[in-house]
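Only one structure is covered here, and it is reproduced in the block below.
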Amino acid sequence: MAVLASGEGTNLQALLDDPEVGPSVVLALSDRSDAGALDRARARSVEAVHVDPAAFGDRVSFDRAVLDVLRDRGIDIVALAGYMRILGPELVGAFRGRMLNVHPSLLPAFPGGRSVAEALAWGVKVTGVTVHVVDEEVDHGPVVFQEAIEVLPDDDWDALEARVHEVEHRLLPAAVRALAEGRLLVDGRVVRVLEEAPR
């Protein structure tokens with residue numbers, strides 16, 4: 001399994017700390033050389049790779065470089081854990097049904113990179129976390145798990161973000177476990193999570 005992350009890597013840490021998922025994580029890849037996620041990977045003796053977007057002329061070339069790294073390591077499952085780049089169809093297609101993303105809102109509300117701030121700006125009473133199967137559209141694929149989070153009257157970005165992270169750190173490992181164990185059945189936009197893998 002590979003984890004793609006652009007930031008501090010708290011969701012990567014949640015995956016590494018999961019007793020069932022952690023041993024399967026063999027690669028952390030980031031588009032930023034200073035991503036904390038790479039340091040977290042190195043601290044657990046997991047290969048940490050930086051692929052610099054500036055070294056490539058376009059997104060297609062960058063995606064192919066990322067795909068080459070994933071294929072070279074024999075990766076079966078990819079988790080996007082705070083990865084802030086849009087993936088092109090070639091990369092998504094190579095891992096169709098085997099790539100998950102965690103997103104800090106109840107999709108389809110507040111897609112994109114500013115979900116927590118937008119939830120606060122809109123004055124919504126409820127936001128949440130979504131884990132979904134990745135498809136060619138941004139924050140769009142079939143929903144595996146969702147959990148609502150109440151937005152409190154005195155919430156600021158830090159307070160709400162902390163509660164969002166708490167939920168992300170539970171839902172993403174659970175979804176990855178289900179995928180790895182063959183317990184996710186995807187039918188169009190509907191995902192069923194089985195208690196046991198089909199025989």
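The values are calculated or read from the model by the stated rules, or taken from the named source; none is laboratory data. Fair warning: this is a prediction, and the values are worked out from it, not measured in the lab. Positions of Cβ are backbone-derived with ideal geometry, glycine not excepted, and every protein chain shown enters the neighbour counts.
Brief remarks follow.
- Restricting the stretch 39-51 to residues that are in a helix (DSSP H, G or I) and touching a residue at least 12 places away in the same chain (Cβ under 8 Å), the residue that is farthest from Gly7 (Cα to Cα): Ala41
- Residue in the stretch 178-198 that is surrounded by the fewest Cβ atoms within 10 Å (Cβ to Cβ), counting only those that are charged (D, E, K, R) and part of a loop (DSSP other than H, G, I, E, B): Glu195
- Residue match in the stretch 145-153 (condition: over 23 Å from Ala197 (Cβ atoms), out of contact with any Gly (no Cβ under 6 Å at 6 or more places or on another chain) and not aliphatic (A, V, I, L, M)): yes
- The residue list Glu147, Glu136, Glu168 contains one member that is in a helix (DSSP H, G or I) and among the charged types (D, E, K, R), which is Glu168.
- Verdict on Ile86 being hydrophobic (A, V, I, L, M, F, W, C) and at pLDDT below 95: yes
- Within the stretch 18-39, the residues that satisfy the criterion of being more than 21 Å from Phe62 (Cβ to Cβ) and crowded, with 21+ Cβ neighbours inside 10 Å are Val21, Val25.
- Candidate set from the stretch 128-142 (those that are buried (at least 17 other Cβ atoms within 10 Å of the Cβ) and among the aliphatic types (A, V, I, L, M)); member that is nearest to Glu168 (Cα to Cα): Val129
- Unique residue being in contact with a Phe, Trp or Tyr (Cβ under 8 Å, 6 or more places away or on another chain), of a type outside the set (D, E, K, R) and either within 26 Å of Leu184 (Cα to Cα) or at pLDDT 95 or above (or both) when the list is Val134, Val102, Val138, Val124: Val134
- Scanning the stretch 52-76 for residues that are within 12 Å of Ala94 (Cβ to Cβ), surrounded by 15 or more Cβ atoms within 10 Å (Cβ to Cβ) and free of Cβ contacts under 8 Å to residues at least 12 places away in the same chain yields nothing.
- Within the stretch 73-88, the set of residues being under 17 Å from Ser24 (Cβ atoms) and of a type in the set (D, E, K, R) comprises Arg73, Asp76.
- Taken together, Gly97, Gly57, Gly74, Gly93 contain a single residue that is farther than 30 Å from Ala159 by Cα and part of a helix (DSSP H, G or I), which is Gly93.
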